[in-house]
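Please read the structure below before turning to the comments.
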């Protein structure tokens, strides 16, 4: 963990809660010889991450099932333990004890490696996320680059899974996964280039710090509240949906088309690992979105700062995860060619134009008074007009229809 | 740069000839989440584009016709429930109609009205479920299907309180209906019909204007009207191509000529049209139901001359058909004067509608094939019998 | 475990109990996990499949039991609900699906057709009960059974799983070495399936329940 | 719409060499049908489809019927002169003749354009064993494709000119034609608690010997 | 504009999510094992045999083993064996009774045709659906003892229909008694015949069994007493 940043206007209670995780860790480390501290500190961080996000994964599956249920007018799991709270553990026990089948024809090594690699890679992203003011597992200067490099590699694991299974459906899914990877990596990266441009850094901590402060005490300086930031955030989230293979971009495991896609030949705990990796990836990308656009661990209003920073991070993360689930409950799936077309012909140009908008915003930072209004109007127009034009071209030939009646 | 490019078969084949890729043969089904039962398609793929599709039938061939020839006329009635198991009431009616034609039985007026009410409720049920299943095929995570089944349960409650069974109603009899619907049942039906438009509005708000859905379905699986007619395609699928053919209007069986309703027809014959025609048909069914419930006459629901047991029509043959929710469902019966039909044949609409499945799917992708099949609206009990 | 060991000395009994306590709690955890997370295969055959779908819908909501995760791939499923008529053309596929499922796995024969061929049993292409080829845990008669009946069957199955022991004669199939878990897939013959039943799974009843008609 | 007789006359006028017979239907439905010969069947079908006054553009239903060989006992009353010279006696004479069996394919045609129908066409095979071919009407109406395959599968009628004549409902290696009336299904009724009729006869073979003490189980206490 | 349809859809799901907490129309689950849904009177699952008294179900079965249901049952799941002797039924008339009456519920298709064709109102449809069992042979083939349920039970599950049936049976019995009395008066020398040798041969007129009576719907009482 990085050295503690100076606490600005923090009260005593805030400081205690804020420091609690670090204090606990340091208290543990105090009993160890100096030479071991660095490694044990790392292990503690990893353990804490695994515990928190492991639990989050468990309850996210439950939350998804219950929310889907509620949206569909039913309660969802509610019988295993009080309020269904033990359901994830029952699933875990079952998955752990389930027979593990490796098809005879499959490439046994790759078949085994794919879920392991996938989970490992999706966990790597967490290393650079600033979970709180004092909670950054690894402070890297090029944290954002590292994060997306690790994230991009997950699709290779999906491809591994699809290829190694020697199943036609898995193979189709693997091809889809690769095409999706190549298509959506670009808008994903382009969407946050403006953030880096404006913050002038690749370090996640500094990006969060750059979003600190409030106008009038309640309007935070988050990137999402600027025209380019909003556009970037939306593009980022769409691309994140695709990167984490979530509906409406869950083409690699499209249930109604490809059985279970790349997962078709996986059983037992290996399957659970895939599931875990999907949720980890979703959490990591949401965390990155929080960091880049939603002000990271910053509180939305000045007077709410007494709540510890990691709680704010968690709340924002959960809000985005709820969005993932809500979208999954509503939208149908895109087709492969539509998916790539959406990326290349809509999101990429939009992200590029957004780069220009951000540049305009950056150059006009000094404008004030009535010029501030002009600045906003131009920036909003730079976002909305391309969206409308590109949107119209994207949906050309697709429109609600009117019908006639026979005699 | 639209989401639905023109993917014609010829174009695709030309491209394929240019870059000789290896073709991949995939067997979809008989266990596949979106073949709507135990249907199987052997699909030859170039990349993800379909260059050949051969349907394989028979995984639910449970010898309906043979059993029909070995049992009495009456005993076949519960078997017709299990033909198209979503729409037992319409199947019952089609079979009863064919037998009534064969034996020359008359049906009391009240029974005709009750039959119309039940057939239109069945149409609502079937089209609602189809819309839900189609959305499921498009990749929705169950939500539209849940809403569809929420309404289905309400209709099934009505069926259950009238006939005793949720799905297998076994309700129609030769020369009338088994049970006279009591007043409270009719009131319940009226409540359901009154509330159905609101459900349809909500369902349409959920999906009809959805850009993803429109992009997925518009221009996908086009069907040419001439081919549709030649291939015997019937029902909403035929009307989606622009042919305004509805047996309720053409044959005017039952008391349908007394009701005012319109027949929606599509212009493109694609999957979206097939979906929308069904939505619009449900709105027309609601109109028919309102009229039928308002105009239901009194009297018996059973022809007093009709016999339950020992039913032996004179030798001869008859083909009776009605406009079922899936298309023209017909029964062809030959009597040799005995208690069992000599020949008992079902004209299964969903089986015949599948004739042109390959024509519709060529040049599209696997994802499209799934929704094209979904929009054909098959029930395997009827396809394979 | 401790009760199941008669005719041994007290020391041995204590010794066993010491192991037994551990064994019993593991067993409980294992059975609890298995019984509360029964994921069915997304596999419908005929009419009963519609009621099976209805059971997963809002009115009945099989999700309350943790079983709404209908997996489309047999590799991830625990429960095969044979929901409808199994025809002879379909029977090999069903057996294949069963073999593809990883242990522990369960089978529910839902509806008359799956149990005995039901109303269609006299058809030439209808298998007279899926228990001719694969072991069935729970039978749910009805044509089709109500969704509540399926839920009742599921509760019965959960109870059955909870009652199983890890070792001994009560152990589930997959934990016993004397039972072959893979079922041979029948082949299409010229007139019928070959073989028409799997003798390892299916045995005719020991004596006739019904006296012969005079 | 024209009556069947008018239609027959029209067809005979148009196709002089053809044989078109009206098969009348005594039932109240009064759906009479036309029996066509093989040589002209497809031409006549095309004519029915394309002739502007008829336009039977949809073949709704195709099915087969099995008419097995029948033994017909006819009783005729013959007046026999009494050889003894008495008044001639009326004697009932029974003659038995075997009517050969055949398979029949029935097509129900409707016109969507003119909203008329049905016209029912029938084609008959020579016998049930070797001469089981009829011309396929799939080139005329696409809807016959699967339905003729079904008739081939279940009845064993072969359709000449069908593009893809394979079994459709049963598996490929299946040998029998189960909808024929003399089809004997495989005996697999080992366990039948409540069989009747044919099934009972089959099931009985599988019943074990009845134990002597057994009947008391369900008998009245 | 691109996206309006998506947002409309999201609004519908959001409405349902919120509605599930306060609107009963948007939360339709019946929590089955604890809450059992009320079954409509017409609901049918498997047949049972009506006996007049609960104490002696085998002695008071209404069934006279006429075997009509056995013949008419579409999947042929009923098996009946007639008795060789006769014994008095509830009305005191000597009747043949079934020594064996078995229904294979693993075959039964719940079609209710046996109920419709039964001229003696002796077989009715039960409403028990919780019949899942791990045993294949023992639990699914129901014999006479398992099938017999009392008239009181019938009244409990189908009050309207049972009352109607009772009324009709009482009228029939009364008419039969009067007829017997009249016959006895006319032919005082001859003792009244208790029962026909074969009940099947002396079935009541079929038209009486107009099929409307079966669904629990209101139906006028049988058209007059038997002549």
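The numbers here are math on the coordinates, done by the rules we state, and not lab data. Not measured: the values here are computed from a predicted model. Note that we place each Cβ from the backbone using ideal geometry, even for glycine, and neighbour counts take in every protein chain shown.
Normalising by residue count, the range A:361-401 has a Cα convex hull of 60 Å³ per residue. Oblate is the label for chain A. Its Cα gyration tensor axes, ordered a ≥ b ≥ c, give a/c of at least 1.5 and b/c at or above a/b.
Residues D:124, D:166, ranked from the fewest to the most other C-beta atoms within 10 Å, line up as D:166, D:124. Look at B:76, B:197 and count the other Cβ atoms within 10 Å of each Cβ; fewest to most, that gives B:197, B:76.
Just how many % of Cα pairs in the range B:204-249 lie over 13 Å apart, if you round to the nearest whole percent? So the pairs more than 13 Å apart make up 61 percent of the total in the range B:204-249. Quick check: from the Cα gyration tensor, does the range E:80-169 come out rounded (a/c under 1.5), prolate or oblate? Taking the square roots of the gyration eigenvalues as a ≥ b ≥ c, the range E:80-169 is oblate.
Taking one quarter of the surface of the convex hull spanned by the alpha-carbon atoms of the range A:245-398 gives a direction-averaged projected area of 13.0 nm².
Orientation-averaged projection of the protein assembly as shown equals 70.4 nm² [convex hull of Cα atoms, one quarter of hull surface area].
Largest GNM mean-square fluctuation across A:322, A:147, A:303, computed for chain A with C-alpha springs under 10 Å, falls on A:303. If you look at the Cα atoms of the range C:106-214, you get an Rg and a Dmax of 16.1, 49 Å. Using Cα centres only, tell me the gap between the range B:175-218 and the range E:110-187 in whole Å. The range B:175-218 and the range E:110-187 have Cα centres separated by 38 Å. Sorted largest first, the spans of the alpha carbon positions of the range B:165-218 along the three principal axes are 48, 23, 18 Å. When a/c reaches 1.5 or more, the comparison of a/b and b/c decides; with that in mind, is the range A:321-402 rounded, prolate or oblate per its Cα gyration tensor? Here the range A:321-402 falls in the prolate category. Across the range D:72-113, the convex hull enclosing all Cα atoms gives 114 Å³ per residue.
Rg/Rh, computed from the Cα trace of chain D with Rh as the Kirkwood radius, has the value 1.16.
The radius of gyration of the Cα set in the range B:131-244, together with its Dmax, comes out at 18.3, 49 angstrom.
Taken over the alpha carbons of the range C:9-167 as equal point scatterers, the Debye sum produces base-10 log I(q)/I(0) values at 0.15, 0.20, 0.21 Å⁻¹ of -0.76, -1.22, -1.33. Coordinate range of the alpha-carbon atoms in the range B:189-298 per principal axis, descending: 48, 35, 14 Å. Value of Rg to Rh for the range B:259-320, rounded to two decimals, is 1.21; Kirkwood radius and Rg both from alpha-carbon coordinates. Exposure proxy shown here: for B:120, A:206, A:255, the number of other Cβ atoms within 10 Å sets the order, fewest to most, as A:206, A:255, B:120. The alpha-carbon atoms of the range E:1-129, seen along their principal axes, cover 84, 31, 21 angstrom, with the largest extent given first.
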